[in-house]
Amino acid sequence: MKSLKALVVAGLALASSLVATAGTPAQAWLENYYQNPRPAELSRSIHSLSHSGWFEQEGNVATGIGFLATVFAQNPERVTGWLSDLSDLPLEHRRLVAASLWQAGNPYGAELLKGLAGKSAVRGEVVALASKPVRSVATTPVLSPSSMNLQWGAFLASGNDRHVVAILEAMGTDRPGLDLAARQSLAQNVAAHPRVLEICRIQLDRQPESVRSEVRAALNAAAAKPGA
């Protein structure tokens, strides 16, 4: 098993790489949205992310849903226009938009999910899911790397500390694959986002010791980073 120090160093290295290659204006728009919300750029940015293959990168479907669900909930008056603008996306990305609307609690979401399920093999599961009352992203428990990325996406849209706290509270639960993913993502986001660094400093003494050691390691590594 990798040591905590090795995990944090690897996470910081990946965070630096992501910053260096963050690439497109659409990625910068999404990754920094909470600092400067620009909902008028949503349609153009989502088209760009779709075209660039961003949604096909590991973890980005859940991150995208968490982000879009939060922005949709923040701007209900814009949803109709966004749906029209995004109607020419590839089918899989239209399904992602529909899932985001459903997660936001928008009534369009459930109907879109059912319609876009088409004749797929999972249509029955999709229809059953869309028929259930939805949980907001903020109240969705972190039980897996996917639900963790949902919270990171919501954080990028809002900067709200509750999404980071939800991830911290899920650490040390011994759920398969979650601890490692949470450690790495915490290191990456502490390094990349001063807001996450601030939240972790506030939370340090509020978490149990098992989580505190993880947070402390991420903070110490971020402080030792050149230019920090």
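The values are calculated or read from the model by the stated rules, or taken from the named source; none is laboratory data. Note that the structure is predicted; figures quoted are calculated from it, not measured. Glycine gets a Cβ as well: all are built from the backbone with ideal geometry, and neighbour counts include every protein chain shown.
Structural remarks
- Hey, Ser213 touching a residue at least 40 places away in the same chain (Cβ under 8 Å), of a type outside the set (Phe, Trp, Tyr), part of a helix (DSSP H, G or I) and more than 20 Å from Phe155 (Cβ to Cβ) or not: yes
- Scanning segment 170-208 for residues that are crowded, with 17+ Cβ neighbours inside 10 Å and touching a Pro at 6+ places or on another chain (Cβ under 9 Å) returns Ala170, Gly172, Leu178, Ala181, Ala182, Ser185.
- When residues of segment 182-193 are limited to those that are under 13 Å from the mean Cα position of the chain (by Cα) and among the aliphatic types (A, V, I, L, M), the one modelled with the highest pLDDT: Leu186
- Helices (runs of 4 or more DSSP H) within segment 100-179 that include 2 or more residues hydrophobic (A, V, I, L, M, F, W, C) and at pLDDT 90 or above: 145-158, 161-170
- The residue list Ser50, Ser84, Ser100 contains one member that is of a type outside the set (A, V, I, L, M, F, W, C), farther than 21 Å from Asn160 by Cβ and crowded, with 21+ Cβ neighbours inside 10 Å, which is Ser50.
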